[in-house]
Structures are given as C-alpha cells and as structure tokens.
1. Can you name the residue in the range A:134-153 that is assigned to a loop (DSSP other than H, G, I, E, B) and within 7 Å of chain B (Cβ to nearest Cβ) and is also nearest to residue B:154 (Cα to Cα) among such residues?
2. Looking for something part of a loop (DSSP other than H, G, I, E, B), touching a helix residue (DSSP H, G or I) at 6+ places or on another chain (Cβ under 9 Å), over 30 Å from residue A:96 (Cα atoms) and touching a residue at least 40 places away in the same chain (Cβ under 8 Å) - is there at least one such residue anywhere in the range A:207-220?
3. Assuming residue B:365 fulfils every condition listed in (1) buried (at least 20 other Cβ atoms within 10 Å of the Cβ); (2) facing another protein chain (nearest Cβ under 8 Å); (3) assigned to a loop (DSSP other than H, G, I, E, B) apart from one, which condition is it?
4. Checking the condition in contact (Cβ under 8 Å) with a residue 24 or more places away in the chain, within 25 Å of residue B:136 (Cβ to Cβ) and crowded, with 22+ Cβ neighbours inside 10 Å, which residue from B:14, B:39 passes?
5. What is the residue count in the range B:280-332 for residues that are assigned to a helix (DSSP H, G or I) and either over 30 Å from residue B:156 (Cα atoms) or within 14 Å of another protein chain (Cβ to nearest Cβ) (or both)?
6. Considering each of A:120, A:108 in turn, give the residue that is more than 16 Å from residue B:315 (Cα to Cα) and surrounded by 24 or more Cβ atoms within 10 Å (Cβ to Cβ).
7. Mind listing whichever residues of the range B:17-33 are surrounded by fewer than 24 Cβ atoms within 10 Å (Cβ to Cβ) and touching a strand residue (DSSP E or B) at 6+ places or on another chain (Cβ under 9 Å)?
C-alpha cells in the first residue's frame, strides 16, 4: 500500500516535544523527515530519561521513522548544504524561539527566496506575533497561562497540571494539520506559505465548556474534580482495590444502577429522586456510593455493571493501558527493532486511513545516521 | 484572501463534541460544512448549557461557520435528498457508534458506491474495529481507560480527570488531520478513502513520557502533581493571593532565583546545592518556597522574577485568559454577530496560515437555517 505523504520531503529543525510530535505524525504518514541535529550533540531530548542502556526511550518514542543529519548551523559550509536540502524540500518545520531562524539567516523570508513553493511551519510557545512572542515557554508555563490548570483538580483544592505535556502535544498536532492544509493548497495552486502555531493558542482553543460558561456568566469556573457538572452519578468511585468511573446518564439507568449494586433503597430516597436532586446532593450520594463500592473490586463491579449495560470503566494505570485488549487490537502500541536495544515498544498511529495507512516501523535514527545520504551530495 | 478549503463540501453528521470539533476546524479553514440535524430536534448539544436566552453558548462555540439542514434519516424521501448531497460532496464526517450509519443504509460501503472519490471520516469512542468497538463512550470513560487520569493529580492522591473534554477534542483534531491527509492524497490520485479515529487511540498517543517510563522500568508512574519529575524548582507555588509557576531549569537560574527572592541562604544549604539534591529534597524546598512566596502577590512576584529573566507565569483563571494580552493579540477569542444574542465571544482559530488564513466570522446556524438552500433542489 502507498502512503499519503510519499515523496514529500520535510526538513525538521525541531527539538524536544511539540515540533518533533508534528514531524512524527508526518513521518508516520509517509513523509521523508530529515531531522537536522547539532553536530556531535543532537536533540536535547536524547539526554532526557527514561534510558535503557544510555538510549533515551523518550527520544525514541517521538522520533521513530525519521532520519538524522548532523549540521552546525553556524558553519557557512554546513549552511550551504542545508540550503541545498531546502531547495529540494516541500516543508520546513522548526520550533525555536521566534527570531532564532532569522538570526541564522534561514528564516521564512530567506528560505522562500530559494524555494518559493516551500511550506514553512513554526511551532512556538506563544507564536510569531504578540507581546509574549519572545518569552521562554515550557509546558508547565503554558498550562498555567492557558487556564487548564485552573479547571483541573479537586473542587476547592489547588490547580493541577495535566499529567502529560499536552500543551506541547496539541500544538504539535495542530502544526501537522496546518502543514497538511498548506500542502493541499499548494497541490492546487503551487503556492507555498507560512504556518504559525503556538502552544498557548492551541491550549486556549481546547478550553471548551469552561470558556462558554465564563462568557455566559462572567464567572471563572474552578476545578471540577471527577464529577460531571450537571449529571449524577457520572463520576469516579473508590472500590476495594482501585477506582472505577460510572456514567449514569438518565433516570432509567439510575433505576438499573441502584438495583444492580444492591441498593434499591436509594430509589426511595427523595434526595436522589431525579438528576437535579442527585446533582444538588452529589456529595451525600458520592459518599454513599464510595462506601458501597468498597465492598467489591473494580473487576467485580465491572462485570456486574457491564451485564446491565451501565457505562463504566476501570481507572487504568499505564500497565493496564498497554495490556488493554482494545489498545492491542488497534495497534496503539507498536514494536520496532532498535539496532542497540532490540525490540522496543512505542505508541502507535491514531489516524487509521484505509488506502494510505500510517506506518510505524522504523526506530529513531542514531545521531547523524543519515549524514552520508544528504551531505555527500556536495 | 482565499481559504485553503474553499470549494470543499463536507456533509456533517456529527453531534456534541469530538465530531463537531473536527468539522469546526474544516469550516474555519474554508470548507462548506453542512450539518445534518434531526428534524425539529437537532444536535443534542443545542440543549447543553450554558444558555443565554435559551441559546446554548456551548453549541454556538463549536458550530460556528457551519450550515444546518434538518433531515429525518429514517424517512426515505429525506434519505434521497441526503444521497444527492453526498453525490456532490467531498467529505462525510460522522461520530455515531460504529454500525449506526450502516443500519441507516449510509455506511462507507454504500456511500462510496454513489461517490467513489468520497472521503468518509468516522470519529468514535473506540474505533471501527476491536472488542470495545460497540461500547458507549463518554469523555470520562475514555479518560479513565486511557491512563491519563492515573498520571494526573497530586502525588499519592486520587486519579484526576483533566478539566476539559480532551479525549473528545484530541480525537476531533486527529480526525481533521486524517481528512486533510486524505484530501491531499485524493488531489494527487483521485482516490477516496475511509478515515477511522477513536478517542481511546487518540488519548493513548499523547501519554508521552509516562509510556516511555513504563517501558523502561515496567512500573506504572503515578500522579505527578505540579512538579517536574527531574528538575527543581519547576513547580507551582502559593502566593499571597493566588498561585504562580516557576521554571528554574539550571544552576545559574537557581543562583539568580535565590537572590531575586531574597533568600541567598538557600544557596549555602547543602540540601539544595545542585539539581539532584533539590529534586531529592523537593518537599522540603517546596515548603520553604511556598512560605516565602506567601509574602507577595502573584503580580508582585511576576514583576520581580521577570526582571531577572526567570521563566514564570501566573496560574490564570478563565477570566485572566480571556483578558490576557497575548491571547488578545493572537485573536484567540473572536467575536461573531449572533442574530438573537448580538455579539458573542467564542474561541479563535489556533492555526495561523499566511496565505489561506482560518476565518471565524459566522455564528452557529439556527436549526434548519439552510434547509431551503439544499432541500429545494429536488
């Protein structure tokens, strides 16, 4: 089978996470992604744990399917090699702080002169414009600024960071979407362009109901915990061994639920007679349910509730996720052969295309592994 | 200026969040998105709060720029109208439970017969294949199953849900990326195809370091709180009025930081002499810093730390975000004119394209607002 981005050449200046996540998606879709790494040093994330035999599994997971070429961007000869590469490229992706590429003489203005059809994508903390444009950004900084921390956590308690670097990742996915949109436009018009995505913009765009609530009421919502703001019980419960979430979305399910868990007396309790009452008395109800659910394990509850078609799920830890039958069936954990480590496991490709599938089959490159292929041309 | 998806027609069967988020992005990029809504009823999210004068701001925020046509998919005449629309369409997007479109006689197999170049995108809880395929999915269920809850929250405390419906949203963005990839391929080959994205797959793909850590050690990481696992201080601190995050990423910044906050004695404390020591004694250090930071407001600390170029940010609430100068400069909050409500504010478009910009200028449609335009054809 062919891949959608076969024949598309991407010069990849990105480091660490947001940019590399973008170019990983493009590589999985079939693009030739050539990672430009600092001679003798490489991407900072080569030095980020976790390590197995001095190899960063972190670097490996987000740089599979790419090629690595070492260049010193302050060396005039290397810069000429780079410009030759850009001449033949379709896309450049970079995630430096705005101004860095320009200082090196390889900003959008310069590169489009040597390749007018080039698509040049920048993924930065705050974007190429605006008062924060030149500020340093880390995922933590952007999560704080974006408001996501203020709505995550237990009600009345401290703001809480999301446990993965989603500010980086969402910006990376949006950058890939920007590149594909620009490639589509170029295919029709032969016109290149610049794509400018910021972590902060990306994060603001996903605030969803919290923004709508603010615009409707003028009040900032606080952390919402694990409960649904308007449906009850639609929350996480403690079990004998772990946790469980249940989604009892209507009155009929509530009837079934109370019978299923052996608490028919709750159906006669007027504090819980309808969804409005249950939401108003959610703390009392949650306390009763947490007590009740401690009597069995998550697995026992799952069997009991699933038999009655009540939407529920275990709160999986990472080991559970990796071994989940659906995750396996969808090949969301892939194995690739690493030259030093043997078989290693990395996340799969979440976009399933029937005719041009994403493929995850090559490990991340060693530093400079493809120097010969691109540097010997001169 | 032109838009990249001008002339692209999308038949949109999606409801509530994941699917509508995808088609919103396509509409913002210029596609003609025709939302098929149940006659007299419409998308469920028209009935989800927050409301202003009976209009759901939630519905409005994710359905701007779209058109609405009412159809009863169980009525044979309406089904014929629909098929006529599909004949002229480029893309179909749906987020029903797998099997629903097939039961209605408008699954991928059927629709590609009447339009072989069609791109048919499905966005579901668990995907079109695998043992969970037909299970009901809600954001809470997928957050639990995906492992994100197990790594979000304070260390040693309960798993915590992310405060926005990110399982839905990330799946929606991936679906848009799948559609663009398929459109690019079709532009080159005239071949249509099916795009299959699931909320669970999408979420597994963003677990990032947590997956790498599990594969390296065989142990599931727990909730990581607001601290960086390997850098200190790189965390949230309490101030006199609110909270603040600081990112003190190296020894030089640590020296500057201690001087800036008036605690030079910390530099002589061997518990904190280097990053490794600070990480090992992070609780002691965080307690000292939280005490110290209570002496001034977040704003006062921001001024003091920014003057010394120490990366930091306030933990914004939603009101702060909406009024943030960078968010404003990037037009991440847009105003559209709503026929009943007047000017309303909704999130902006995070992908900034220089030649074919995303545009957010039309409000969400009223139910059936564009019936005449599409139904009178027959």
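The values are calculated or read from the model by the stated rules, or taken from the named source; none is laboratory data. A quick note: this is a predicted structure, and the numbers were derived from the prediction, not measured. So basically every Cβ, Gly included, is an ideal-geometry build from the backbone, and we count neighbours across all protein chains shown.
1. So, considering only residues that are assigned to a loop (DSSP other than H, G, I, E, B) and within 7 Å of chain B (Cβ to nearest Cβ), the one nearest to residue B:154 (Cα to Cα) is A:153.
2. Among the residues of the range A:207-220, at least one is part of a loop (DSSP other than H, G, I, E, B), touching a helix residue (DSSP H, G or I) at 6+ places or on another chain (Cβ under 9 Å), over 30 Å from residue A:96 (Cα atoms) and touching a residue at least 40 places away in the same chain (Cβ under 8 Å), which makes the answer yes.
3. (2)
4. Answer to the selection: B:14.
5. Counting residues in the range B:280-332 that are assigned to a helix (DSSP H, G or I) and either over 30 Å from residue B:156 (Cα atoms) or within 14 Å of another protein chain (Cβ to nearest Cβ) (or both) gives 23.
6. A:120
7. Once the filter is applied, which keeps residues that are surrounded by fewer than 24 Cβ atoms within 10 Å (Cβ to Cβ) and touching a strand residue (DSSP E or B) at 6+ places or on another chain (Cβ under 9 Å), the range B:17-33 yields only B:32.
Residues checked against (1) outside the structural domain of residue A:334 (by TED's automatic domain parsing); (2) closer than 30 Å to residue A:353 by Cβ; (3) modelled with pLDDT under 95:
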{"residue": "A:21", "(1), (2), (3)": "no, yes, no"}
{"residue": "A:26", "(1), (2), (3)": "no, yes, no"}
{"residue": "A:39", "(1), (2), (3)": "no, no, no"}
{"residue": "A:51", "(1), (2), (3)": "no, no, yes"}
{"residue": "A:54", "(1), (2), (3)": "no, no, yes"}
{"residue": "A:78", "(1), (2), (3)": "no, no, no"}
{"residue": "A:91", "(1), (2), (3)": "no, yes, no"}
{"residue": "A:101", "(1), (2), (3)": "no, no, no"}
